[in-house]
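Data block below; observations after.
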Amino acid sequence: MDLSEFQNFLAARYSVREYEPGCLTEEEKDYLLQAAASAPSAGNLEAWDLVIVTDAGQLELLGDAAGNQHQIPDAGSALVVCANYIRSMSRYADRGILFAVQDATIAATYMMLAAHALRLHTCWIGAFDEEEVKGALDLPPHIRPVAILSIGRGMPPESHPERMDPEGHVHYDIW
């Protein structure tokens, strides 16, 4: 893949909130997990964990915890990407909390890009009641849900939002 193909690949990915019914196949789940496992992580500790949710009742609970975001149950599958503090804090003490969150977000991003390569669609959901998600999934105390990714075969939105000019994010040498 040359640079132009890569830029086009990234530009063609978008968030989807309308899905066709259906769950991920085992092969798709494996592919996504392998992508996440290849993500960089602080100290190579891979301080992230994943809950793959396909049960309709659990998907409804996640949708409710996310302020009734319908795309979660509609997608048929959701990936709840979690930071595992213990794994990272074992080496980095309190700084490991940040590193675990970073590891989880990088793994989630890799899975989103892998889903795009599989011609699946995703939507990153960060707006959710953390305690509700923890309760619904029976997460241990040292695990923090960082993102919910709805994932499936989506219906593209009619339009894509305008993006900020990349140079608007950049400062050189000092702010």
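The values are calculated or read from the model by the stated rules, or taken from the named source; none is laboratory data. Source: prediction; values computed, not measured. Here the Cβ positions follow ideal geometry from the backbone for every residue, glycine too, while neighbour counts run over all protein chains shown. For the accessible areas, the whole protein counts, side chains as well, though only heavy atoms, and no ligand, DNA or RNA atoms are used. Shrake-Rupley method; radii C 1.70, N 1.55, O 1.52, S 1.80 Å.
A few notes on this one:
- Residue 16 falls short on exactly one of the conditions (1) touching a Gly at 6+ places or on another chain (Cβ under 6 Å); (2) over 14 Å from residue 150 (Cβ atoms), and that condition is (2).
- Residue count for the range 2-55, restricted to those that are more than 24 Å from residue 103 (Cα to Cα), open to solvent by 80 Å² or more (accessible area, probe 1.4 Å) and touching a residue at least 24 places away in the same chain (Cβ under 8 Å): 4
- Residue within the range 148-161 that is open to solvent by 30 Å² or more (accessible area, probe 1.4 Å), under 18 Å from the mean Cα position of the chain (by Cα) and not β-branched (Val, Ile, Thr) present: yes
- In the range 134-161, the residues that are farther than 17 Å from residue 71 by Cβ and without any contact (Cβ under 8 Å) to a residue 24 or more places away in the chain reach residues that are open to solvent by less than 80 Å² (accessible area, probe 1.4 Å) and of a type in the set (A, V, I, L, M) with C-beta atoms within less than 9 angstrom, at least six apart or across chains, in these pairs: 134/143; 135/65.
- Residue list for the range 89-133, restricted to those being in contact with a Phe, Trp or Tyr (Cβ under 8 Å, 6 or more places away or on another chain) and modelled with pLDDT under 95: none
- The number of residues in the range 60-110 being among the acidic types (Asp, Glu) and without any contact (Cβ under 8 Å) to a residue 12 or more places away in the chain comes to 1.
- Residue selected from the range 162-175 under the condition charged (D, E, K, R) and part of a loop (DSSP other than H, G, I, E, B), by the criterion most open to solvent (accessible area, probe 1.4 Å): 163
- Meeting the requirement of 3 or more residues that are touching a His at 6+ places or on another chain (Cβ under 9 Å) and open to solvent by 40 Å² or more (accessible area, probe 1.4 Å), the helices (runs of 4 or more DSSP H) wholly within the range 71-126 are 85-92.
- Residue that is nearest to residue 44 (Cα to Cα), among those in the range 127-138 that are open to solvent by 60 Å² or more (accessible area, probe 1.4 Å) and charged (D, E, K, R): 138
- Number of residues in the range 134-175 that are of a type in the set (Val, Ile, Thr) and touching a helix residue (DSSP H, G or I) at 6+ places or on another chain (Cβ under 9 Å): the value is 4.
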